[in-house]
Every structure is written in C-alpha cells, then in structure tokens.
Amino acid sequence: MSESILVIRHGALGDIVLSFGPFAAIRRHHAGARLVLLTTRPYAAFCQASGLFDEVWIDERPPWWRIDRILALRRKLLGGGFKRVYDLQTSDRSGAYFRLFGAHPPEWSGIARGCSHPHANPRRDFMHTVERQAEQLRMAGITDAPATDLSWVKTDVARYALPTPYALLVPGGSKHRPEKRWPVARYAEFAAGLKALGLTPVVLGGPDEAGIADAIPGARDLTGQTSFEDIVVLARGAALAVGNDTGPMHLIAASGCKSAVLFSQASDPALCAPRGRDVRVLRQASLESLRPAQVLDRLDRS
C-alpha cells in the first residue's frame, strides 16, 4: 500500500493561490503517495479540481470547547495513516493538530514544537509567503517548489458576453479593512480613462460587494457572479487588471494578466503581494492620495 501524506492549508484565498507551487512540489516529491489536503470549505472544490490531490478534506475548525468535534477530528486524522504532514498553514490551530496525534505523531513539516522537520528560521514571519513556504519545504527535503501554475483551470465564460478588449477592476476587499481599499471614486475616474482608451471596465467582487459597480459608470458588473475558475479565465482574456490587496487579485496575477495591485500602509507587499509574470505593486501610505494617472503610468511601463 502506498504511503499517505497530509497537507494542511486553510486559506484565505490569496494564501491558497500562493500555495499551489508548494502543492505541486509536494505532489512531485511524493509521486506515488495518497495525497490529502485539509482545507476549509470555500477552497475545497477548487483545490480538488487541480488534480494535485487524491482527496480533499474539509476542516470545519470546530471550537476547542466542542470536545466531541475535536475528538471526531482526531479520529479522522489518526485514521488517515499519514506518514508525513506538511503544515503550510503554520497557525496556532494547525500546530495544535500535531498534538492530536498523541505520543507517536507522523513526520511533520511546520513550526509545531517537537516536530520532526521544523521550519527553523526565526525570521520566517518576515518572509513573503512564497519564499517562506519554499524554505520550509527545503528544510523537509523538497528543493524544487515552482511558481503557482493555474493552467489547469478550464471553464466557459462566454455567458458573460463581454466586449473586447476589456479590463478587470477589483475595487472590493475586506469590509473590516476599508483602509486597504482605493476609493471607489478613484476607480470611477480610472474606468473613465479606460473607456477613453477603448477598454470596457469589468468589476469583479464577492456577493457582499454587489452594487459597488453602481458607483463606476459604464462598467460591467460581475460582482457575486464569478467562481474562482471564472476569474482565472476572465483574467486570461483581459488587457489588464487593477485591484486592491484582496484574494481575487492573486488569481488574476497568477493567470499571467498584466496587473496592478494597490497597497496602503495597512499591509506589506513584501510579505503577501500577488505573484505572476506581469505584476506591478503600487504602495502609498493612504490610497486616497493615489491618482489614476499614476496607476495607468505603471501599467504602461514594461
């Protein structure tokens, strides 16, 4: 019977996208193994569709006081018969799962105290996610983590009937972090400039961002309508994309689309910027002071 390997990665979306290189490296390193991903519900189907995993388990992340659910999770983990675990989440929760295995845990790559393959770099929290995960895997014997490759994504976006050429705008983001958003009025100005160049602005966002496109005259509103797969394929056909520091921009950047990602002082692109072959990062302390002409100028530069 082939060995079983577990990978832990809960999210959020940007973290999932940045982990596809490590996912592929682990799959290659354990080519004949049964590879299981433990993730959260929003990302399970997307990760399963990649073909990198034999099974995808959903972690409901039960509260620790729900002893019955924690014990059920422990039984599931023990029943997996895992030879090695790659904890790419490296959170307090995922580290605690190491202890659920009891006195004889599997080989473990992560930061849990006592694990067999620790990521022993005291400055790991100051590394970009991509370099941090690559170094973690090197310390576990995997030396060839590639960049994220979403070429496997296939879906039909003809139903949106978008005129070409078009540009993608991602003006949303966490509603609890408004300081990470370029003001919608600025997006409206930028969209007007796109239209003057013959580009149709297309607004993407989650269901809770429905209506945000109403403040961007002339834009096509796809908020609440697109799957992860849709976003990737739409990005392949886009002339360019501009968005805040938010999950969909990771999908767009990884697709290869010419992208500008906007950062304020609320987050550090050195730690979490989207990666792709044609990505530009613009950062200002306050995004209110960022002018549309500056964004367009950066996109115009090769």
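The values are calculated or read from the model by the stated rules, or taken from the named source; none is laboratory data. What you are looking at is a predicted structure, and each value in this text was computed from that prediction instead of being measured. Cβ placement follows ideal geometry from the backbone for every residue including glycine, while neighbour counts extend to all protein chains displayed.
Given the criterion among the charged types (D, E, K, R), assigned by TED's automatic domain parsing to the domain that holds H29 and assigned to a helix (DSSP H, G or I), identify the matching residue among R74, R84, R61.
Every option except R74 fails the conditions.
So is W182 within 21 Å of G243 (Cβ to Cβ), aromatic (F, W, Y) and part of a loop (DSSP other than H, G, I, E, B) or not?
yes
List the pairs whose first member sits in the range 116-130 and is outside any loop (DSSP other than H, G, I, E, B), whose second member is of a type in the set (F, W, Y), and whose Cβ atoms are under 9 Å apart, counting only residues at least 6 apart or on separate chains?
H117/Y86; H117/W108; P118/W108
Would you be able to say whether some residue in the range 84-92 is out of contact with any Asp or Glu (no Cβ under 8 Å at 6 or more places or on another chain), acidic (D, E) and more than 28 Å from L251 (Cβ to Cβ)?
Looking through the range 84-92, none of the residues is out of contact with any Asp or Glu (no Cβ under 8 Å at 6 or more places or on another chain), acidic (D, E) and more than 28 Å from L251 (Cβ to Cβ).
Can you find a residue that is part of a helix (DSSP H, G or I), polar (S, T, N, Q) and surrounded by fewer than 23 Cβ atoms within 10 Å (Cβ to Cβ) anywhere in the range 218-227?
Looking through the range 218-227, none of the residues is part of a helix (DSSP H, G or I), polar (S, T, N, Q) and surrounded by fewer than 23 Cβ atoms within 10 Å (Cβ to Cβ).
Can you confirm whether A213 is over 26 Å from D268 (Cα atoms) and buried (at least 22 other Cβ atoms within 10 Å of the Cβ)?
yes
Can you tell me which of (1) assigned to a loop (DSSP other than H, G, I, E, B); (2) closer than 24 Å to L282 by Cα is the one Y187 doesn't meet?
Every condition holds for Y187 apart from (1).
For the range 279-295, indicate whether the set of residues that are crowded, with 24+ Cβ neighbours inside 10 Å, of a type in the set (A, V, I, L, M, F, W, C) and part of a loop (DSSP other than H, G, I, E, B) is non-empty.
No: zero hits.
Let's see how each residue does on (1) at positive phi; (2) outside the structural domain of G11 (by TED's automatic domain parsing); (3) among the hydroxyl-bearing types (S, T, Y); (4) at pLDDT 95 or above:
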| residue | (1), (2), (3), (4) |
| --- | --- |
| D68 | no, no, no, yes |
| T90 | yes, no, yes, yes |
| S94 | no, no, yes, yes |
| P105 | no, no, no, yes |
| C115 | no, no, no, yes |
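So that you can scan it fast, the table gives a plain yes or no per residue for (1) within 25 Å of S267 (Cα to Cα); (2) among the aliphatic types (A, V, I, L, M); (3) in contact with a Gly (Cβ under 6 Å, 6 or more places away or on another chain):
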{"residue": "N121", "(1), (2), (3)": "yes, no, no"}
{"residue": "A140", "(1), (2), (3)": "no, yes, no"}
{"residue": "T143", "(1), (2), (3)": "no, no, no"}
{"residue": "T164", "(1), (2), (3)": "no, no, no"}
{"residue": "S174", "(1), (2), (3)": "yes, no, no"}
{"residue": "R177", "(1), (2), (3)": "yes, no, no"}
{"residue": "G198", "(1), (2), (3)": "no, no, no"}
